[in-house]
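See below for the structure under consideration.
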Amino acid sequence: MLLIVGLGNPGPKYAKNRHNIGFMAVDEIARFHRFGPWKKRFQAECAEGEIAGVKCLAMKPQTFMNESGRAVGEAAQFFKIPPADVIVFYDEIDLAPGRFRMKTGGGAAGHNGIRSIAASPVGSEFRRARMGVGHPGQKELVQGHVLSDFHKVDAQWVEALARACADAAALLVTGEDEKYQAEVLRLAPADKANVRGPRDE
């Protein structure tokens, strides 16, 4: 079983925040692949389904971002899911809006949700789907940036990126992360994003 996690904060107040782009991606993956209904489990909203014949559990932790590891760790322990089968979609300020990068392991780079999961029984060697939301330019502006809603002009690329993450997911479940990254960027080219961040990689 794969555990496909989207990070965000629960409730309508945060639904359109940049910090919630992980929720948006996992919502689209579950919708596109016709997962079952969302149910409360493991301090999260969870939906079960299959992608390319592989059983998957989609998860949106309801613990608030900083405690995401509680939900993810609980589910991973219950199902005995190794870190290599845990995939986390989240907002990445060090990538320009619309950019997308896959990565396995590494540090949290200041992301509290990632830090929480790394401190859980899952550890740090899980797979990360980093969705670019841009950097506001100054460190003290970061919290306000990620806890603000996307601009209306961003809607097109945000929806396209989430849809691409879902459309290409067969590559994700077979562990072909580089091919998955390339296919997501082919389906939702970053240069089509309307807004560019001051920082990229």
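Every read-out reported here was derived from the displayed coordinates using simple, explicitly stated rules and does not represent laboratory data. Because the structure is predicted, anything quoted here is derived from the model rather than measured.
Over 21 Å apart at the Cα level, from the set Lys39/Lys60; Lys16/Lys55; Lys40/Lys80; Lys13/Lys152, are Lys16/Lys55. Structure remark: mean-square fluctuation, Gaussian network model of the chain, C-alpha springs under 10 Å; the largest value among Tyr14, Tyr90, Tyr180 belongs to Tyr14. Computed from phi, the 3J(HN,Hα) profile of the stretch 38-49 under the Karplus parametrisation 6.51, -1.76, 1.60 (θ = phi - 60°) reads 6, 10, 7, 6, 6, 6, 8, 9, 10, 9, 9, x Hz, with x in place of Gly and Pro. Taking the convex hull of the alpha carbon positions in the stretch 2-192 and averaging its projected area over all directions gives 9.5 nm².
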